[in-house]
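Engineer: Have a look at this one before I ask anything.
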Amino acid sequence: MISTHEVENQVPAREGVDEYTSNVPLVEAVARWGRGGAEASARGPLADVGALVGSAAFQRDAERANTHPPVLHTFDRWGRRIDEVEYDDAYHRVIGAAVAAAAHTGAAARPGPGANVDRAAAFLLFAQVEPGHACPVSMTHAAVPTLELAASGLRDEWMPRLLSREYDPALGGAGAAKSSALVGMAMTEKQGGSDVRANTTLAERRGGSESGGGSGSWGAEYGLTGHKWFCSAPMSDAFLVLAQARHGLSCFFVPRVLPDGSRNVFRIQRLKDKLGNRSNASSEIELDDTSGWLIGEEGRGVATIVQMVTRTRLDCVIGSAAGMRQDVAEAAWHVRHRRAFGALLVDQPAMAAVVADLSLESEAATLTAMRLARAYDVDATDAEQAFRRLATAVAKYWVCKRGAGHAAEALECLGGNGYTESFPLARRYREQPLLAIWEGSGNVIALDVLRVLVREPEAFEAFFDEVGSAAGESPVFDAALDSAQSLVRELSATDAAGAASLARELTERLALVLQGSLTLRHSPGGVADAFVRTRLGDEGGRQYGVLPRGADVEGILARA
């Protein structure tokens, strides 16, 4: 060996780690809100998932799925239109494992108290290591409540496929109907974006036909024609699509393969060249008299698909929390093994404060995601459902927006290595902004919060009932809670334009009191105290690493 090439003071590979049991806040959340309670929290299926995603083989597949991105094949060698996307085998192994672990529809397959928490924890663990595949996994999970509104024949034929733990990447064909399926959605168009009511894709009823083949009726069949600007995971087996029918914007079920085994018209025009999310294909598609079946009522498309949108927003929160956990895990691993200026980085106060501060953010995001997931279980009361309607939007706005800055600071903990593609945090840095954009960027979400204030004031009552459970635990929290409630009263008496100008301020304040309340009630005292004083008080900095004097840095780091 050449003497100048000796490798010293480099961090060992972070492999063979159980990503579940090493994530203390997640284990505690599953014990508190999950199906199995405390006895099942540290063993069983989630521990199996944690060991899998922490293995060297899974990490290599995650890297390969992103360095060998999907490739579009519009035609076969003989010139026939096929509109297929080729993925690396590593991607198929990753998503196959997620489906086998029921990270997609596990809560719907076995509903009950805590089911959505267990499913959210599995989803978080897979997304922590490879986030791109989480898009079709999330959409399939979120499609279930919308598919419940379909005609009985369509629902009965397709629902078992969504709930299946099998994964088959092929589209299938005549005589080879698949026993499993992934479902995506196609809503946005180039002229409207988030304003889906501006959609121009047309849906024309086909001769009053009610027959869709398969087992029983699929309902009313239409021909859809138009262009969709964003259609993620185009190799999914079916899509929920918004289009303008005679009575207005409506929701349609569009399979890639028709009941007779022929391919539906689904022309993939190009794949998007994205900043991140490289393992997942996102595309533009053309529909040309494409077969689709109405779900819900004509003119009620937004109301029909809203349950899917709400659940994918929840998964944005979970996915952002997953990214924050990866940030903290990698940064903490690095500083515990790397030496500089005569000591381990973790023993140097400035670095310890940064990683501890990152850990606070990660723990609060995990608590928020898991508490929200619990509110989606089948035993949710009217108050719980009202709480989740507001809290999902609030958390989606705040947690997802915090993701990019969190990733940047964590990457910096690794120094130059963090900025290279050989380490996972560069990929994470490019990934995190997506979740703040997908399913409604900041202004869309903040304005949704205002709409809830106008249309569903009971949601704010349920929200403050939940958050107020921590009242009296901290004077800093109490002051922030009073301020947030005062702002709500002010906006309730303000005209629309004035309220819109304060929509972001309102959403941010609500998010912070929610997180403050959760940490005060469920995190150790040192964690809760530092979070509340830095996020709700005036003792934090504009960057990570500024903690209150006397903060329990060692205790916070122990949970990282």
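Engineer: Using only Cα atoms, locate the centre of the range 458-518 and the centre of the range 248-265, then give the distance between them in Å, rounded to an integer.
Structural biologist: 44
Engineer: In the chain, which whole DSSP H runs stretch at least 24 Å along their own axis (Cα) and average 0.5 or higher on the Kyte-Doolittle scale?
Structural biologist: Flagged H segments are 349-374.
Engineer: Based on the alpha-carbon gyration tensor of the range 446-555 and its eigenvalue square roots a ≥ b ≥ c, which shape applies: rounded if a/c is under 1.5, prolate if not and a/b is larger than b/c, or oblate?
Structural biologist: It comes out prolate by the Cα gyration axes.
Engineer: Which of the lysines could a cross-linker span from residue 274 if the Cα-Cα distance has to be under 25 Å and same-chain partners fewer than 8 positions apart are dropped?
Structural biologist: Leaving aside lysines fewer than 8 places away in the same chain, those within reach of residue 274 are 190, 228, 396, 401.
Engineer: Under the rule of at least 5 residues apart or a separate chain, name every residue whose amide H is placed under 5 Å from the amide H of residue 269.
Structural biologist: Close amide H contacts, sequence-distant or interchain: 284, 285, 286.
Engineer: Express in whole angstrom the spacing between the alpha-carbon centres of the range 321-383 and the range 131-171.
Structural biologist: 32
Engineer: Of 202, 407, 238, which is farthest along the charge dipole of the chain in the positive direction, counting Lys and Arg as +1 and Asp and Glu as -1 at C-beta?
Structural biologist: Of 202, 407, 238, it is 202.
Engineer: I've got another one for you. Specify whether the C-alpha gyration tensor of the range 182-301 places it in the rounded, prolate or oblate class, a ≥ b ≥ c being the square roots of the eigenvalues: rounded for a/c under 1.5, otherwise prolate if a/b is larger than b/c and oblate if not.
Structural biologist: Oblate.
Engineer: Which of the peptides 331-341, 27-37 is most tightly packed, and how do the rest follow, judged by the mean count of other Cβ atoms within 10 Å per residue?
Structural biologist: Result, highest mean Cβ count within 10 Å first: 27-37, 331-341.
Engineer: Sticking with this one: Could you derive backbone 3J(HN,Hα) for the range 523-538 from the dihedral phi with the Karplus parameters 6.51, -1.76 and 1.60 (θ = phi - 60°), listing whole Hz in sequence and x where the residue is Gly or Pro?
Structural biologist: Listing the rounded values in order: 9, x, x, x, 5, 4, 4, 5, 5, 5, 5, 8, 8, 9, x, 10 Hz.
Engineer: Give me the aspartates and glutamates in straight-line cross-link reach of residue 272: C-alpha distance below 18 Å, same-chain residues under 8 apart excluded.
Structural biologist: Leaving aside aspartates and glutamates fewer than 8 places away in the same chain, those within reach of residue 272 are 83, 84, 86, 88, 189, 284, 286, 431, 439.
Engineer: From the helices alone, meaning DSSP H stretches of at least four residues, give me the mean residue ellipticity at 222 nm for the chain, per-run term -39500 (n - 2.57), in deg cm²/dmol to the nearest 500.
Structural biologist: Values: 20 runs with 283 residues, N = 560.
It comes out at -16500 deg cm²/dmol, rounded to the nearest 500.
Engineer: What is the extension gain from residue 417 to residue 67, computed as 0.36 nm multiplied by their sequence separation minus the C-alpha to C-alpha distance, in nm to one decimal?
Structural biologist: Taking residue 417 through residue 67 to full extension adds about 124.2 nm, to one decimal.
Engineer: Hey, another quick one. About its Cα centre, what dipole magnitude does the range 415-530 give when the only charges are +1 on Lys and Arg Cβ and -1 on Asp and Glu Cβ, stated in debye to the nearest 20? Mind dumping the intermediate values first?
Structural biologist: Details: 9 positive and 17 negative charges, 98 e Å.
That gives a dipole near 460 debye.
Engineer: A further question on this structure: Sort 368, 381, 312 so that the residue with the fewest other Cβ atoms within 10 Å of its own Cβ comes first and the one with the most comes last. Mind dumping the intermediate values first?
Structural biologist: Values: 368 25, 381 10, 312 21.
Ordered by Cβ neighbours within 10 Å, fewest first: 381, 312, 368.
Engineer: I need the shape label for the chain. Rule: rounded when a/c is under 1.5, else prolate if a/b > b/c, else oblate, with a, b, c from the alpha carbon gyration tensor.
Structural biologist: Oblate, since a/c reaches 1.5 and b/c is not below a/b.
Engineer: Oh, and also: Which order do the peptides 229-242, 116-129, 191-204 take when ranked by the mean count of other beta-carbon atoms within 10 Å per residue, highest first?
Structural biologist: Packing proxy ranking, top to bottom: 116-129, 229-242, 191-204.
Engineer: Nearest 20 debye, what's the magnitude of the dipole of the chain about its Cα centre given +1 on Lys and Arg Cβ and -1 on Asp and Glu Cβ?
Structural biologist: Roughly 720 debye, rounded to the nearest 20.
Every number in this text was worked out from the coordinates using simple rules, so none of it is lab data. Note that this is a predicted model, so its numbers are computed, not measured. Methodologically, a virtual Cβ is constructed for each residue, glycine included, from the backbone with ideal geometry; neighbour enumeration extends over all protein chains shown.
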